[in-house]
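K.L.:
The structure follows.
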Amino acid sequence: MLEDLTQKFERALKKVTGQGKLTESNISDTLREIRRVLLDADVNYKVAKDFMDDVKVKALGQEVLTSVSPGQLITKIIYDELTELMGGQQRELSINPSGTTVILLVGLQGCGKTTFAGKLAKSLSQKKRNVLLTAADVYRPAAIDQLKQLGNNINVPVFTIDGSKDVVKISQDSIAYAKANNLNTVIIDTAGRLHIDEDMMDEVSRIKQTVKPNETLFVVDSMTGQDAVNSAKAFHDRVDFDGIVLTKLDGDSRGGCALSIKAVVSKPIKYVSMGEKLDSIEVFHPDRLASRILGKGDIVSLVEKAQEQFDSKETEDLEKKFLANKFDFDDFLKQIKMIKKMGSLKSIIAMVPGLNKAMKNQEVDDKQLVKVESIIQSMTIAERKNPKLLNGGRRKRIAKGSGNSIQDVNRLIKQHGEMKKMMKMMNSKGGMSSLGNLRNIGLN
Amino acid sequence: MALFSNINFEKLRSGLSKTRNKFINNLNEAFTGIELVNEDTLDEVESILISSDIGSELSESILDMARIKLKEEKDLSKDNFLKLIKHELGKVLTKNADSRSNSADEMEKYKPYVILIVGVNGAGKTTTIGKLASNFKNAGKKVIIGSADTFRAAANEQLEVWAGRAGVEIISGKMGSDPSSVAFATMEAANKMNADVVFIDTAGRLHTKNDLMHELSKIERVIKKVVDHAPNEAYLVVDGNSGQNALTQAREFSKFSQITGLIVTKLDGTAKGGMIFQICNELQIPVKYIGVGEGIDDLQDFDKQKYLDALFNEVA
C-alpha cells in the first residue's frame, strides 16, 4: 500500500521534473527554502551557509530510493546532519566521584544563569548530591538575594561573603566552606557580563583559574540571534567552557543559536532549561532540537516525559481498563494526577507539533483540572465506579459539594462518556500502539 | 523630545564601534577591487544584513529595492550602493516617524504620566526602569515606581536598589501577591504625592504563556480604575542580542497591550539590534531608547539618524 503510493508519487515527480533523481537545479530550490528556515531559526548566516554546502554535497551524491520522496530524503539528511553537528550524543556533567565537584556558570546578562543555578542545584540534590550555591554576582542589585531565596525554596545552602566584592575570594572560600560542611557539589553563579568587557572577562577567567572547576557551563538564551557566535567564541577563548546550557526553551524561539554556537566552539550542549519552575530542567537531546530548528515540534520529548512521570504499574492498570472499557471516574482522577505531574498543560501542548498553533487562541487553563478533580472528589465511591447512578439529584448534590455549577458537572459527565467512546474506538483500531510511532511523525 | 540633555552620541558610537567597524570592514571587503556591483556583492551585502538580525525576508526586500534603484543610476560605485542600502534601511525606520508617543507636551497634558514596562525574562526591564527613573528625576519630574514583579525572587529588592540610586519613590508588593494590586497601590500613591511620572515594572513573561499575558491586561484594567488615561505608554523591552523571536514578542505583546515604544537593551556589545527594522516595518512601533551599559545614565534616546550613522559611520 505504502509502496504503491510512493511509487505513484515518484512517477508524478518524474513527470514534473523530467527525471527521477535529484539534480543541481531542483535541489537548489529546496536547499534555498531550508536555508531560509535555518536563518529564520536564528542560525548564524555563515554557519547556515557551511551547513547547506555540506548537505548539498551529500544530497547530490545520493540516489532517490523508490520508498522515499526527494523531500523526505533531503529532510532526513538535514535532520541527521543537524543532529550530528549539535553533539551526536548527549553528555553528562563530569562529576568528581570522590572529592568536591565544582560547577561554574558563566554568560551574558539576563540569559538565565541564576534561575538555572537553582534548577541545577535542585536536580543534583535529587540525585543525592549535597549542593552549595555560591553567589558570585556582586554587581547586579539583589542578585545575591535572588539566589538566597531560590536556595531557600529548595533547601540548598547559599554561600556569600557580606560586603565583599572579591568574587575570586568568594568562590575560593565557598569551596573551603563546602569541604568543611560535608557538601560535595558547589555551583558558582557569576554575574552576567558582556564578552567585550575586558575587565569583567578577566575576572571570570581568574575565577576559573583559581577554583579549577570540574565543569564550566556557558548559559545562553535560546532567543539569541546572529551574534551568538561572537559571544560564545569570546567566552570560549577566555574560560574554555565545557558545555552549553540553552535557556528559555519554553518559549517559541526555534533555538537556532544552539547550532551556531555548537559550530563555532564545538562543545556539547548539556542542558536545556524551560520555564521558571525550578524543576523544569532537561538533559539535552540533539535530535529533538534538530526537529525544533526545522520547525517540527518536540514530540519525542513529550513521549519520554510521559513515560517518566507515569507510574508504570498505574499506567498498566489504566491500560487494562481502557481495553476492558471500564474507565471510571476514579481512573479519570488518577489520569489527571499523572498529567499534573508532567507539568503544566501548556508545556505539554508546546511540545506537540501543530497543537501549539492550533490551540493558540484557546484558553488552556490548569485550573480546569482542579475543577474536574473537585467534582470527582465530591462523588461517592459508588458513583465514581458507576456513572450511571448519577441522576439529577445526585448531580445537584455534587455541584453544591464541589462549589461548581450543575452545568460543569454535566459537562464532565458528558466528557467522560465521550472519552469512553473514544477508547472503544481506539481499541478497535489498535490506536494505542500508535504512540510508539510518534517519533516517525516528527520526520514526515 | 527634549527631556533628556544627556544624549551621549560618543558613548553610543563607541558602544557600537565594534559593531560598526566589523560592519564597515565587511562591506569594504565586499567591494575591494570590485568597482561595479554584481550579484556576488549583493549576496555579500545580504550576508551582512542578515548577520545583523535584520532577517532574511526584510534583507531581501531591502536589497531588491536598492537593486532597482541602482539600475536607475549611473553611479555604480560602492559608496553609492551603500548609500542606497542605508537610505532603504532609513525608510523602514521612518515608518514610525509620526509615533503615537510621548512628546514633552503629551507629558504635560497627563498627570500622572503612566508608563508600563513589559517584556520577556532577562530583557533588562528592571535595569531600564532604574535608568529611566533617574533620567526623569534629573529632568525635574516627580517619579514613582511600582514594582509589580511579584514573581521572580528578589525582583523587589533589585528595583528598590535602583529606586534608591535614582532617589525616587517605590511601591512594592509581597512575593507571590497579585501584581495588579501592587499596580493599584502605586497609582493611588502617585495621586497622593502628585507624581508626574509613574513606572510600573512587570515580571518577565514569555509571550507564549497565555495566562501571564492576560495578567498584563488585568494590570492595565486595574490602573485605569485609578487614573483613567493610564497607561499613557507601554514600552516593550527587547534584548539587543535577540534574533527573529523579537518580532514574535512584539507581535504577541501588542495583542495584549498597545505597545507604544520599544526599548532595546544591551547594545554596548557586538549585537547589532537589526531586529528593530522588522518590528518597525511590520508593527510600526517606534524605538524609544537604547541601553548601552549598566550604569544609571547608560540609556540613550533613540535617534534613528544617529543609529544609522553609527552603523554606517564611514559611509557618507
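The values are calculated or read from the model by the stated rules, or taken from the named source; none is laboratory data. Since we're looking at a predicted model, the values are computed, not measured. Every residue, glycine as well, gets a Cβ built from its backbone with ideal geometry; the counts of neighbours run over all protein chains shown.
K.L.:
For the subset of the stretch A:26-52 comprising residues that are outside any helix (DSSP H, G or I) and of a type in the set (A, V, I, L, M, F, W, C), which member is farthest from the other protein chains (Cβ to nearest Cβ)? Full working, then the answer.
P.N.:
Of the residues in the stretch A:26-52, the ones outside any helix (DSSP H, G or I) are A:41-44.
Next, only the ones that are of a type in the set (A, V, I, L, M, F, W, C) stay: A:41, A:43.
Working: A:Ala41: 7, A:Val43: 9 Å.
Among those that are outside any helix (DSSP H, G or I) and of a type in the set (A, V, I, L, M, F, W, C), it is A:Val43.
K.L.:
Taking the conditions exactly as written (among the hydroxyl-bearing types (Ser, Thr, Tyr) and touching a Leu at 6+ places or on another chain (Cβ under 8 Å)), does A:Tyr139 satisfy them or not?
P.N.:
Details: among the hydroxyl-bearing types (Ser, Thr, Tyr): yes; touching a Leu at 6+ places or on another chain (Cβ under 8 Å): no.
In short, no.
K.L.:
In the stretch A:262-295, which residue that is within 14 Å of chain B (Cβ to nearest Cβ), more than 19 Å from A:Ile34 (Cα to Cα) and not acidic (Asp, Glu) is farthest from the chain's Cα centre (by Cα)?
P.N.:
For the stretch A:262-295, the residue satisfying everything is A:Val264.
K.L.:
Further, regarding this structure: Restricting to the stretch B:110-132, name every residue that is within 13 Å of another protein chain (Cβ to nearest Cβ) and assigned to a helix (DSSP H, G or I). Give the steps one after another, and end with the answer.
P.N.:
The first filter runs over the stretch B:110-132 and keeps only residues within 13 Å of another protein chain (Cβ to nearest Cβ), leaving B:119-131.
Passing the criteria: B:Lys125, B:Thr126, B:Thr127, B:Thr128, B:Ile129, B:Gly130, B:Lys131.
K.L.:
Answer with yes or no whether A:Ile196 is of a type in the set (A, V, I, L, M), assigned by TED's automatic domain parsing to the domain that holds A:Ala142, within 22 Å of the chain's Cα centre (by Cα) and under 16 Å from B:Asn241 (Cβ atoms).
P.N.:
no
K.L.:
Here's a check for you: in the stretch B:148-178, which residue that is closer than 19 Å to A:Glu276 by Cα, among the charged types (D, E, K, R) and under 24 Å from the mean Cα position of the chain (by Cα) is farthest from the other protein chains (Cβ to nearest Cβ)?
P.N.:
Here the residue is B:Asp149.
K.L.:
Separate question: Only residues that are touching a helix residue (DSSP H, G or I) at 6+ places or on another chain (Cβ under 6 Å), within 14 Å of another protein chain (Cβ to nearest Cβ) and not in a helix (DSSP H, G or I): list them for the stretch B:204-235, please.
P.N.:
B:Arg205, B:His207
K.L.:
Still on this structure, please answer the following. Could you tell me which residue of the stretch A:106-116 is farthest from the other protein chains (Cβ to nearest Cβ), considering only residues that are over 17 Å from the mean Cα position of the chain (by Cα) and among the hydrophobic types (A, V, I, L, M, F, W, C)?
P.N.:
A:Val106
K.L.:
Which condition from (1) surrounded by 15 or more Cβ atoms within 10 Å (Cβ to Cβ); (2) at pLDDT 90 or above is the one that A:Ile74 breaks?
P.N.:
(2)
K.L.:
Scan (1) of a type in the set (D, E, K, R); (2) within 11 Å of chain B (Cβ to nearest Cβ); (3) in contact with a Gly (Cβ under 9 Å, 6 or more places away or on another chain) for the single condition A:Asp145 breaks and write down its number.
P.N.:
Condition not satisfied by A:Asp145: (3).
K.L.:
Condition test on B:Ser181, is it away from chain A (no Cβ under 13 Å), part of a loop (DSSP other than H, G, I, E, B) and not charged (D, E, K, R)? Full working, then the answer.
P.N.:
On the way: away from chain A (no Cβ under 13 Å): yes; part of a loop (DSSP other than H, G, I, E, B): no; not charged (D, E, K, R): yes.
No.
K.L.:
Can you tell me which residues in the stretch B:192-203 are small (Gly, Ala, Ser) and within 14 Å of chain A (Cβ to nearest Cβ)? First the steps, then the outcome.
P.N.:
Of the residues in the stretch B:192-203, the ones small (Gly, Ala, Ser) are B:195, B:203.
Passing the criteria: only B:Ala203.
K.L.:
Report yes if some residue within the stretch B:241-250 is under 23 Å from B:Thr127 (Cβ atoms), buried (at least 22 other Cβ atoms within 10 Å of the Cβ), without any contact (Cβ under 8 Å) to a residue 12 or more places away in the chain and within 14 Å of chain A (Cβ to nearest Cβ); otherwise report no.
P.N.:
Within the stretch B:241-250, one or more residues are under 23 Å from B:Thr127 (Cβ atoms), buried (at least 22 other Cβ atoms within 10 Å of the Cβ), without any contact (Cβ under 8 Å) to a residue 12 or more places away in the chain and within 14 Å of chain A (Cβ to nearest Cβ).
K.L.:
Return the total of residues in the stretch B:142-159 being under 20 Å from B:Asn191 (Cα atoms) and of a type in the set (D, E, K, R).
P.N.:
Taking the stretch B:142-159 and keeping what is under 20 Å from B:Asn191 (Cα atoms), we get B:142-148.
Keeping just the survivors that are of a type in the set (D, E, K, R) gives B:142.
Residues flagged as under 20 Å from B:Asn191 (Cα atoms) and of a type in the set (D, E, K, R) within the stretch B:142-159 amount to 1.
K.L.:
Another question, then. Identify, from the list A:Gln146, A:Gln172, A:Gln109, the residue that is among the polar types (S, T, N, Q), part of a helix (DSSP H, G or I), out of contact with any strand residue (DSSP E or B) (no Cβ under 7 Å at 6 or more places or on another chain) and within 23 Å of B:Gly119 (Cβ to Cβ). Break it down stepwise before answering.
P.N.:
Values: A:Gln172 fails: within 23 Å of B:Gly119 (Cβ to Cβ); A:Gln109 fails: part of a helix (DSSP H, G or I).
Answer to the check: A:Gln146.
K.L.:
What is the number of the single condition among (1) at pLDDT 95 or above; (2) of a type outside the set (Phe, Trp, Tyr); (3) touching a Leu at 6+ places or on another chain (Cβ under 9 Å) that A:His236 does not meet?
P.N.:
Every condition holds for A:His236 apart from (3).
K.L.:
Next up: Quick test of your reading of the structure: A:Glu215 fulfils all but one of (1) modelled with pLDDT under 95; (2) more than 14 Å from every other protein chain (Cβ to nearest Cβ). Name the failing condition by number.
P.N.:
Every listed condition holds for A:Glu215 apart from (1).
K.L.:
Pull up the stretch A:185-242, narrow it to residues that are free of Cβ contacts under 8 Å to residues at least 24 places away in the same chain and not in a helix (DSSP H, G or I), then point me to the one that is surrounded by the most Cβ atoms within 10 Å (Cβ to Cβ).
P.N.:
The extreme case among them is A:Asp227.
K.L.:
Could you check the stretch A:262-336 for helices (runs of 4 or more DSSP H) lying wholly inside it with 2 or more residues that are at pLDDT 80 or above? Walk me through how you get there before you give the answer.
P.N.:
Working: elements: A:286-293, A:299-309, A:312-324.
The qualifying helices (runs of 4 or more DSSP H) are A:286-293.
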